[in-house]
Structure formats: C-alpha cells, structure tokens
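A.B. asks: Would you mind keeping the following structure in view while I ask a few things?
The values are calculated or read from the model by the stated rules, or taken from the named source; none is laboratory data. The shown structure was predicted, so the numbers you read here are calculated from the model rather than taken from an experiment. Glycine also receives a Cβ, built like all others from the backbone with ideal geometry; neighbour counts cover every protein chain displayed. For accessibility, only protein heavy atoms count, side chains too; no ligands or nucleic acids. Shrake-Rupley method; radii C 1.70, N 1.55, O 1.52, S 1.80 Å.
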Amino acid sequence: LIYAYICHHARRERELATLAVNALQKDCASANETIRGLAIRSIAGLGVDDLIEYATACVMAGLRDAGGYPRAVAAMGALKVYDLNPSAVRETGILDALREMLVNDTDAGVVGNCLIVLREIDGMESLATKPIVYA
C-alpha cells in the first residue's frame, strides 16, 4: 500500500517523491525478488521528470536481475520511463537490453513484456529483424 500511495501522490508532492527515492533504491537491491519488482515498478511509475536518472538506473538493474519478476517489471518500467522522457531510454541502452532479452530470455512473461514494449516504442517494423524472427 505504501508503494501505491507514493506513486499516487508523487506528481503533486515532488518532495515526497524525492524522499521516497532512497527507500525505493534500497528496495531495488533487496534479497526478495517481489520487493525488487515492486520497487522497480514504483520508481518507474513516479512520473517525476527530475528523478528520471534514478528510474533509468533501477530499470537497467532490473533488466539484468536474476529473477523473472523483476525483469518483467523492468521491461514494462522502460515504457513508463519512455513516456516521461524518450531520450533517456534511447541513450542508456535500455532498448538494446530489451532486444537482447527478447531473443535470449527463457521466461515467457519477460519475453512478452519485451515484445510489447519494443512494439510500442519502435513499432512493428523494428521487430522484423533476422535475429528476432529466427530466435
């Protein structure tokens, strides 16, 4: 419930969002993969442009996570970050990580989320590449 409260009020109370970032970053490094996933979802969904560098860092860390749930949430978090600041996603290598995960990840939920995000950001034509088609 705390995550939902923070995300709901972050756009109106930027100070609250700034204070919450430290706690969310700590949760992104938790031993529990559900906590990591919820923290990634929350920090990506804050919707505060001033905190975009924190969100991109957590999304990138989530894309490299060993657990399937944090990877799937990070993929969708990339779309939330893209909606807020498209250049942040294009410049940090998040799209390249998503393309790699689309081909190499073994978790169906992660692959599905990567497919959705890449289609939304780059369009269907970008998915018709030889490595993706023959994967």
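A.B. asks: Quickly run through region 111-134 and pick out the residues that are over 25 Å from SER87 (Cβ atoms) and within 18 Å of the chain's Cα centre (by Cα).
C.D. replies: Hits for region 111-134 are VAL111, GLY112.
A.B. asks: Which one of ALA55, ALA39, ALA29, ALA44 is under 17 Å from the mean Cα position of the chain (by Cα) and loosely packed, with under 12 Cβ neighbours inside 10 Å? Before you say what the answer is, go through the steps one by one.
C.D. replies: Numbers: ALA55 fails: loosely packed, with under 12 Cβ neighbours inside 10 Å; ALA39 fails: loosely packed, with under 12 Cβ neighbours inside 10 Å; ALA44 fails: loosely packed, with under 12 Cβ neighbours inside 10 Å.
Result of the check over ALA55, ALA39, ALA29, ALA44: ALA29.
A.B. asks: Another question, then. Test ALA4 against the stated conditions and say whether it is assigned to a helix (DSSP H, G or I) and either free of Cβ contacts under 8 Å to residues at least 24 places away in the same chain or open to solvent by 60 Å² or more (accessible area, probe 1.4 Å) (or both).
C.D. replies: Details: assigned to a helix (DSSP H, G or I): yes; either free of Cβ contacts under 8 Å to residues at least 24 places away in the same chain or open to solvent by 60 Å² or more (accessible area, probe 1.4 Å) (or both): yes.
Yes, satisfied.
A.B. asks: Please give the number of the condition ASP49 fails out of (1) under 23 Å from ARG90 (Cβ atoms); (2) at pLDDT 95 or above; (3) of a type in the set (Asp, Glu).
C.D. replies: The failed condition is (2).
A.B. asks: Of the conditions (1) of a type in the set (A, V, I, L, M, F, W, C); (2) more than 19 Å from ALA78 (Cα to Cα); (3) modelled with pLDDT under 95, ALA4 clears all except one; give me its number.
C.D. replies: Going through (1) of a type in the set (A, V, I, L, M, F, W, C); (2) more than 19 Å from ALA78 (Cα to Cα); (3) modelled with pLDDT under 95 one by one, ALA4 breaks only (2).
A.B. asks: Being under 13 Å from MET101 (Cβ atoms) and more than 9 Å from the chain's Cα centre (by Cα) is the filter here, so list the residues in region 68-80 that pass it.
C.D. replies: Of everything in region 68-80, just one residue is under 13 Å from MET101 (Cβ atoms) and more than 9 Å from the chain's Cα centre (by Cα), namely GLY68.
A.B. asks: Continuing with this model, one more query. Among the residues of region 78-135 satisfying the criterion of being within 26 Å of ARG11 (Cβ to Cβ) and of a type in the set (S, T, N, Q), which is surrounded by the fewest Cβ atoms within 10 Å (Cβ to Cβ)?
C.D. replies: SER87
A.B. asks: Sort out which residues of region 30-46 are of a type in the set (Gly, Ala, Ser) and closer than 17 Å to ALA88 by Cα, and write them in order of number.
C.D. replies: From region 30-46, those of a type in the set (Gly, Ala, Ser) are 30-31, 37, 39, 42, 44-45; that's our starting set.
Scanning region 30-46 gives ALA44, GLY45.
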